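Here the structure comes first, spelled out in structure tokens, and everything after it is commentary.
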Amino acid sequence: MKALVDPEAYLDLDPDSKPTPPRGFDAVAEAVLGEDPRDAGGPSGVVLLAEPLERVNEAVRAGRIEEAATLASAAVEEASGTLGPDHPEVLRLRELSAYVAYLAGDPLHAFRLSVDLAGVHRRAGDAEGAYGNVLSAATAWRAVRDPEQGLGLGRELIGLWTELAAAGGPAAEDADELESARARMARLTERARRQATEPKD
């Protein structure tokens, strides 16, 4: 099952933009392609989740996306019951689950997971983590093809994004990304208007 990537996602790229640390799905993708988490030392949560994380990562690397989605969902449920839904390593697993949903062609689910995670990080005072999840949500949002649905999700996303930017931190430093999202809203509004005026068969 292929992800439905909206071509508009590529209209917002600035070839002259300065390099930034990987955030959002970029950071998750790097982790998937990185070293086996069992090789790294860490707290008990890391050890407990190392095996399910590696199974999901392995399925993603092999292109077994539907299997990865099933594994990720089961791992999140089990780990949340053991460590709690807001444990740092459970949050990492939930981010992986959102990324897998995006790869599986379910941008709406990826969006919802990412927005929820942004809220968790924001309440914890983690501006960097919250912004990373907002960028993941934005990536998922750009893959939503229906303009009406895109407008609804976009209003929610931009509302959260604006609040983060107003509080300072990385969201405020990356104002061009927010403006890019607002520009997409204008395009979606025009597409929705055209769609509404097209004659029905």
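No value in this document is a laboratory result; all are computed from the given coordinates. Because the structure is predicted, anything quoted here is derived from the model rather than measured. For neighbour counting, all protein chains shown are included, and Cβ atoms are generated from backbone atoms with ideal geometry for every residue, glycine included.
How large is ³J(HN,Hα) for each residue in region 98-113, as worked out from phi by the Karplus curve 6.51 cos²θ - 1.76 cosθ + 1.60 (θ = phi - 60°), to whole Hz, x for Gly and Pro?
Along region 98-113, the couplings run 5, 4, 5, 4, 5, 4, 7, x, 10, x, 5, 5, 4, 4, 4, 4 Hz.
Amide H to amide H, which residues 5 or more places from Gly105 or on other chains are under 5 Å from it, using H placed in the peptide plane?
Excluding prolines and chain starts, which carry no amide H, the hits are Ala3, Leu4.
I need the phi-derived Karplus couplings for region 179-186: 6.51 cos²θ - 1.76 cosθ + 1.60, θ = phi - 60°, integer Hz, Gly and Pro marked x.
5, 4, 5, 5, 5, 5, 4, 5
Obtain the nm distance between the two label points defined at Glu66 and Gln195 by a simple spin-label model: each point lies 7 Å from its Cα along the Cα-to-C-beta direction.
The two pseudo-label positions are separated by 2.6 nm.
Apply the Karplus parameterisation 6.51 cos²θ - 1.76 cosθ + 1.60, with θ equal to phi minus 60°, to every residue of region 160-174 and state each ³J(HN,Hα) to the nearest whole Hz, in sequence, with x for glycine and proline.
5, 4, 5, 5, 5, 5, 5, 7, x, x, x, 5, 6, 6, 10
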